[in-house]
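First comes the structure, then the notes that go with it.
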């Protein structure tokens, strides 16, 4: 499915979100870069937009960030690599794209300062195993940052958004992409254990402090977790608030 939608993936992301997805990725990148990571892994990378946002945020702060972007869909990785190559040379040299399964990442323990995911964790077949795998490759004290769609809770906005996501979004997606893949999007978001429930599962994988930040009326949520250092207590409780 993801290989089939890769040609129109970027267009539909920006169109269906009214370009707000760029803002969500920028916020995520700024939160991650604030921790001054040198090595970042971006899994379920799609066409590489979050990796590019991370690099831009790092460059604004004068940081030398290196990012590996992985996805299991070859067509997505190919497009990410093309976008990386089209950036300026200083950025292109710091971004790499590779095919990899998020449930079996080809990296040693404690390899990265941070791992990021944008709109991909809900597609991982075994969510808890996937979260543990993300935490495994992050060094102690590093972070896992996950940007994912969620369901707005506002009594006024929630039904309007639900109508848009289940009726309008699939129709526009089919019209432009020529596939029914975008009918899967709202259904997968609806089934995803978002909010506090997901935060508890992230805590179970990272064992450190976790928090969440709702974005744009709760359409998207940024979850952050610190991977506990050796010997640190794993009794830290999930917390909500700014990431």
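For segment 66-93, enumerate the residues that are within 19 Å of the chain's Cα centre (by Cα) and either part of a helix (DSSP H, G or I) or modelled with pLDDT under 95 (or both). Don't jump to the end; show me each part of the working.
First pass over segment 66-93, keeping only residues within 19 Å of the chain's Cα centre (by Cα): 66-81, 83-84.
Correct list: 74, 75, 76, 77, 78, 79, 80, 81, 83, 84.
Go through (1) part of a loop (DSSP other than H, G, I, E, B); (2) surrounded by 14 or more Cβ atoms within 10 Å (Cβ to Cβ) and name the single condition residue 158 misses.
(1)
With the requirement that a residue be loosely packed, with under 14 Cβ neighbours inside 10 Å and in contact with a helix residue (DSSP H, G or I) (Cβ under 9 Å, 6 or more places away or on another chain), what does segment 168-187 give you?
168, 171, 178, 180, 187
Name the residue, out of 53, 58, that is surrounded by 15 or more Cβ atoms within 10 Å (Cβ to Cβ), within 16 Å of the chain's Cα centre (by Cα), more than 22 Å from residue 133 (Cβ to Cβ) and touching a residue at least 12 places away in the same chain (Cβ under 8 Å).
Every option except 53 fails the conditions.
Any chance segment 134-145 includes a residue that's under 23 Å from residue 25 (Cα atoms), at pLDDT 95 or above and in a helix (DSSP H, G or I)?
Yes, segment 134-145 has at least one match.
I'm checking my understanding of the structure. Among residues of segment 3-39 that are touching a helix residue (DSSP H, G or I) at 6+ places or on another chain (Cβ under 6 Å) and farther than 20 Å from residue 215 by Cα, which one is modelled with the lowest pLDDT?
Applying the filter and picking the extreme gives 3.
Of all residues being in contact with a helix residue (DSSP H, G or I) (Cβ under 9 Å, 6 or more places away or on another chain) and assigned to a loop (DSSP other than H, G, I, E, B) in segment 48-65, which is farthest from residue 103 (Cα to Cα)? Just the residue, please.
Among those residues, the one meeting the criterion is 61.
Within the set of pairs 6 or more residues apart or between chains, which connect a residue that is touching a residue at least 24 places away in the same chain (Cβ under 8 Å) and on the phi > 0 side of the Ramachandran plot inside segment 120-147 to a residue that is surrounded by fewer than 17 Cβ atoms within 10 Å (Cβ to Cβ) and in a loop (DSSP other than H, G, I, E, B) with Cβ atoms less than 8 Å apart?
These pairs meet every condition: 141/229.
Out of segment 66-85, which residues are touching a helix residue (DSSP H, G or I) at 6+ places or on another chain (Cβ under 6 Å) and surrounded by 23 or more Cβ atoms within 10 Å (Cβ to Cβ)?
67, 69, 71, 76, listed by residue number.
Is at least one residue of segment 109-125 in a strand (DSSP E or B) and surrounded by fewer than 15 Cβ atoms within 10 Å (Cβ to Cβ)? Outline the logic, then answer.
Filtering segment 109-125 down to residues in a strand (DSSP E or B) leaves 112-118.
Still in the list and also surrounded by fewer than 15 Cβ atoms within 10 Å (Cβ to Cβ): none.
No, that holds for no residue.
Counting only residues that are buried (at least 18 other Cβ atoms within 10 Å of the Cβ) and closer than 25 Å to residue 30 by Cβ, which one in segment 94-104 is nearest to the chain's Cα centre (by Cα)?
102
The values are calculated or read from the model by the stated rules, or taken from the named source; none is laboratory data. Computed from a prediction, not measured in an experiment: that's the story for all the values here. In this analysis, Cβ positions are derived from the backbone assuming ideal geometry, glycine residues included, and neighbour counts consider all displayed protein chains.
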